[in-house]
1. Can you name the residue in region 667-688 that is modelled with pLDDT under 80 and touching a helix residue (DSSP H, G or I) at 6+ places or on another chain (Cβ under 8 Å) and is also surrounded by the fewest Cβ atoms within 10 Å (Cβ to Cβ) among such residues?
2. Residues of region 945-960 being in contact (Cβ under 8 Å) with a residue 60 or more places away in the chain and either of a type in the set (Phe, Trp, Tyr) or surrounded by fewer than 21 Cβ atoms within 10 Å (Cβ to Cβ) (or both), which ones?
3. Can you give me the number of residues within region 216-244 that are within 30 Å of residue 151 (Cα to Cα) and either in contact with a Lys or Arg (Cβ under 6 Å, 6 or more places away or on another chain) or surrounded by fewer than 18 Cβ atoms within 10 Å (Cβ to Cβ) (or both)?
4. Considering every residue within region 1022-1040, establish whether at least one is over 30 Å from residue 346 (Cα atoms) and modelled with pLDDT of 90 or more.
5. Looking only at residues that are among the small types (Gly, Ala, Ser) and closer than 15 Å to residue 1063 by Cα in region 966-985, which one is modelled with the highest pLDDT?
6. Of all residues in region 207-223 being without any contact (Cβ under 8 Å) to a residue 60 or more places away in the chain and out of contact with any Phe, Trp or Tyr (no Cβ under 8 Å at 6 or more places or on another chain), which is nearest to residue 163 (Cα to Cα)?
7. Just for strands (runs of 3 or more DSSP E) wholly inside region 346-433: which have at least 1 residues that are within 49 Å of the chain's Cα centre (by Cα) and assigned by TED's automatic domain parsing to the domain that holds residue 326?
Amino acid sequence: MPSRPWGLLNGRGWKMPAKGRYFLNEGEEGPDQDALYEKYRLTSQHGPLLLTLLLVAATACVALIVIAFSQGDPSRHQAILGMAFLALAVFAALTVLMYVECLLRRWLRALALLTWACLVALGYVLVFNAWTKAACAWEQVPFFLFIVFVVYTLLPFSMRGAVAVGAVSTASHLLVLGALMGGFTTPSVRVGLQLLANTVIFLCGNLTGAFHKHQMQDASRDLFTYTVKCIQIRRKLRIEKRQQENLLLSVLPAHISMGMKLAIIERLKEHGDRRCMPDNNFHSLYVKRHQNVSILYADIVGFTQLASDCSPKELVVVLNELFGKFDQIAKANECMRIKILGDCYYCVSGLPVSLPTHARNCVKMGLDMCQAIKQVREATGVDINMRVGIHSGNVLCGVIGLRKWQYDVWSHDVSLANRMEAAGVPGRVHITEATLKHLDKAYEVEDGHGQQRDPYLKEMNIRTYLVIDPRSQQPPPPSQHLHRPKGDAALKMRASVRMTRYLESWGAARPFAHLNHRESVSSGETPVPNGRRPKSVPQRHRRTPDRSMSPKGRSEDDSYDDEMLSAIEGLSSTRPCCSKSDDFYTFGSIFLEKGFEREYRLAPIPRARHDFACAGLIFVCILLVHVLLMPRTAALGVSFGLVACVLGLVLGLCFATKFSRWCPARGTLCTISERVETQPLLRLTLAILTIGSLLTVAIVNLPLMPFPVPELPVGNETGLPAVSSKTRALCEPLPYYTCSCVLGFIACSVFLRMSLEPKVVLLTVALVAYLVLFNLSPCWQWDCCGQGLGNLTEPNGTTSGTPSCSWRDLKTMTNFYLVLFYITLLTLSRQIDYYCRLDCLWKKKFKKEHEEFETMENVNRLLLENVLPAHVAAHFIGDKLNEDWYHQSYDCVCVMFASVPDFKVFYTECDVNKEGLECLRLLNEIIADFDELLLKPKFSGVEKIKTIGSTYMAAAGLSVASGHENQELERQHAHIGVMVEFSIALMSKLDGINRHSFNSFRLRVGINHGPVIAGVIGARKPQYDIWGNTVNVASRMESTGELGKIQVTEETCTILQSLGYSCECRGLINVKGKGELRTYFVCTDTAKFQGLGLN
C-alpha cells in the first residue's frame, strides 16, 4: 500500500489513527513478498520460454526444409539435419516439461541454459557446414544476433545472467570466426573491418537487449507491486467490512444498521470531498413500529452511594461487569438491551422478531437480575438491590439524530414501563396487568400496590403486580455462600474494593473485544454457569488475544496466501488470445469494458524518451557498420545525414527539458518535450518517424548502388557473369545489409508501450520491402561468392575458384533471417502488449478498489465518531489490541442537559400520525439540527453524550489529553462559556424549527460543572458515558428549571459572571438528593461571547 497516511480530518478537526490502524495490524503482510516475486518472476517466464521453444522449433523446421529441399541434395547438409532433429527433440521434451510445475520451478534456469546451448550448437553447425577450407567473416552473424536478442528478451535469465550469457555468445562467435579467418585467409584490413563490424552489431544487440530487459523488469515489478496492492486492498476491505459490521452491530441491531450503512456509503460516493460531507443529507428516519413486545426497566438501588466511594477504574469495572452480566442474562432470555442510563438498564423482548413468549422472557430476565444482585450483596456485604418494572405493549424503535447513534424505543408503553420501575419494590419484579395477561399463569403474582407509590399509575388506574420468584421458596444451594466475606480484614476492606474483586470473577467481556475477531458480535458470548466462575481463576487481566489463537484467523491468512498465489499464476497466463477472459475479447487484447481501450491508449508513458535514446543508439550502430564496410557514395552520406537530422530533432524534442539549465529560454521546444510522455498522438508520431527512418536507412543504399551490366565470359561454368574487383567491392557488404535490416527490426521492439497495430504495420511493410529489394538486387547476377567474397586466397596470393559458401544459400538464408526476426518480434510485441494492458488493468482495478477502501474507511470514521469520542476511540483502535478498561477522571467538565418538555404533550399515538411515527420524525429533525451545531469550530470542544427521549446531553472539557487534566483555570472555565453559547445556539435552532413546523417548543436547559468520571461500558453494545455528582446535579438543574431558560448552580454562575455573562438569581430550590440549592438563570438575551479561549 502507499505510504501516505490514511487519516482524514473530520468536521471537528480530529485526525484519525494512521494508515491501516483502524483494526488491521500493518505488520501482518502475509506471505514474504520477495519469495512471491521470485515465484512470479520465474512463472511469468512460462510464456516467453514457451514462445522461444516454439520459435526455435519452427526455425529448425524451416532450416530443414530450406537446406534439404531448396538445394536439391539434402545429403550435403547431414550435419545440419542431424543437429536440427536433435534440437527439435530437445525442444519438444522441454515443452512437455513446461507443464510440470514442480520440475519447472526447480530446473527453470537449467532448462533455459539447455535451450541456449541448443541454439548455440545449431548456430555453430551452420557455421562449420558452410565452409570446408575457407570461412566468411559474416557467417551466421544474424543467427547469433538472434541468440543474443532472445537471451535478453525471452529466456528467464536475470540481468546479470543475461549479460553473461550474451557476452559468451558474442565472444565465442567473434573468437571462432577470428580464428577461422586467421587460419584460412591472409590477414587484411578488410577482414579486420568485418570483424569490427561484427563487434558493433553484437554490441548493439546486447545493449538493446539489456535495455529491453530492464524495461520489462521494471514493468514486471510494477505489475507485481500493483497486484500485491490489489490483493492487500481486497483483504483489508474484507476485514474492514467485517469489523465495520461488528462495530455497527455493537451499537445498533442488524435490521436498522444495514439500512444506515448503505445510506452512509451512498452519500460518501455521491460527494467527491469525503471530508466535508454535509450531514443534513442524513435526516432520514430509521424508526419502525413493533407490536406485542415487553419492556423491562431495571435500576440498581443503592448504587449512587457505592459509586461515590469508587475510584474511576473501580467504577468502570463495576458497571461493565454488572451490565456485562445483564447482557448475558438478556441473551439467554431472548431480550435486547436498549440503553444504559447511569445505573439504569432497560431492554425489550420481541425485537426485531416478534416472540409469543416476550412477557415470560422479560419476567425471567428480571428475576435473574434480582438473583444476580442478591448474590453480589450476599458475597460482598454491599447494600445494593435491584428494582425491576415491566410492561407489555407497542413501541417505536430505531435511531434519531446524526451523531452518537443509540438504539432506542419510544411510546406511551415505554413511559409506563419506566413508571413501573420507579414505583417498584427493591428485589422484586413489578409488572402491569397487560404483562400478566401474556404470562399465561407461568408465574405466581401478588398485588403490587403501585398506585400507592406513583401518582401517574393512580391517575391512569393501572393495576400492578409483583412476581413471586419460584427460587425464593427453595433453600439456597451451598455454593452461594462460598464468596461471603469472612474475617475482620474482609469487612474492613472498602465496599468498592470488595465489589470490584468479586465482580471481576464474573469475567464479562470487555468493550470492543470482538472487533478483531472473525465472529460477528451477534454470536455473543457463552454464559458462565450460575453467573460465576471458580474461585481459583478470578483474574483475567493478562489473557492472550483470541485472534492469535483463532483457527478462523489462521484460515484467513491461508486464504490470503492462496489468493496471492492464484493471482500470480493468473499474471503468468500466456494465452491471452485463446483463453477466455472477463477483461479481454477472446481474440486480441482489446478491453471489453467500454471506454477503457481509449483510456489505455491515451494513458501517459513515463520515461518514454528513453525509448528514443535507445533507437538513437541503434542508428549509431547502423551508421558504424555502413561507414566500416559500405562504399563511400554520395547517396550514403545524404541518406544518413537526413536521418541523423531527423533523429537529432526527435531527441532534441524529447530531452529539451533535460538541458534547460544550459538553455534558459524555455519556449515551444520545452513545452513539446514535456508533452512527449503525456500526449499519445505526439509520441506515436515521433515513434513512427524514428522507426521508419531507421528501417529506411538500413536498406535505402542497396538499390542505389551503381552495379555494372553483367557479361558472361567464355568458359564460365557457373552460369554467372564474371566479377570484377569493383563489382566485388559492391557485393561484399550485402550480408551486412541483412544485419542492418535486422537492427532496424529490433529498433521497433524497443518502443515497449507503443500500440501493437503500428508495430505490425511497420514491420510488415518493412519485411515486404526488404524481401523485394534483396531478391531483386543485381548482386545475385554475379558469382561474388566464388570470386573472393569469402576472402579465400591461395598460398601464392592468387584467388581460389573454390567457393567458400553458396551464393544461393546466402540468398535463401537472408530471406530466412528476415522472416525469423519478423515472426519473433511480432510475437514478442504481442506478448509485451498483453503485459502492458494487464499492468494498466491492474492499476485500474487497484484504483477502483482503493476508492472502495477509502469509502469504507470513511464509513468507519463516521461510525467511530458516532460511537466514541475521538480521543477515546484511539484507546481501542490502534496497532495493538488494547484490552484494558477505559476510564478517565476529569477535574473540571461542564455538563449540559437540554430537554423539550412540550414534546411529551405533542407526542400522540393515533392513525393520523402513524401511531406516533410522524411525531418522532419531528424529534429526529430537532436532534439532527442540534447535532449539526457540533460541526462548527466554535463548538469543537463539545461532546454529545446521548439523548434520553427528548433530552439532549452534552459535555465540554472531555477532550483534554491524559496528564493535562489539571490545566490552567482559564482554559477550564472556557469550557463553561462554550457550553452556554452552545445552549443558546440550541435555543436558536429550536426557534427556527418552530417557525417551519408551526410549533411553540421551548428548551429547558440545566448546566453544571465539576469533576466527572468517563468510561466505556458494555461488551455487546459498548457505550461511552460519564458519571459523578456533577452529572446528577446538571440533570436536576434541567428537570427543576423553566422553559426557555438556562439554570446553573451558584458555583457555575460565579465563573460565568467572570466571563462576562449576566445571571439572575432564582433563589433556593429543593433538589432531590441534594437538599436546597441556590440556583441562577443565565440571561440569554444579554449574553455575549467574550472570546477568552472560547473559540
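1. Going through the qualifying residues, I end up with 674.
2. Residues satisfying the conditions are 946, 948, 949, 951, 959, 960.
3. Result for region 216-244: 7.
4. For region 1022-1040, residues over 30 Å from residue 346 (Cα atoms) and modelled with pLDDT of 90 or more: absent.
5. The extreme case among them is 983.
6. Result: 214.
7. 385-399, 408-410
Residue by residue, here is whether (1) out of contact with any Leu (no Cβ under 7 Å at 6 or more places or on another chain); (2) at pLDDT below 80; (3) of a type in the set (Gly, Ala, Ser); (4) not in a helix (DSSP H, G or I) holds:
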residue	(1), (2), (3), (4)
92	yes, yes, yes, no
107	yes, yes, no, no
115	no, no, no, no
118	yes, no, no, no
132	yes, yes, no, yes
142	yes, no, no, no
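The values are calculated or read from the model by the stated rules, or taken from the named source; none is laboratory data. The model shown is predicted, which means the values in this text are computed figures rather than measured ones. Ideal geometry is used to build each Cβ from the backbone, glycine not excepted, and the neighbour counts take in all protein chains shown.
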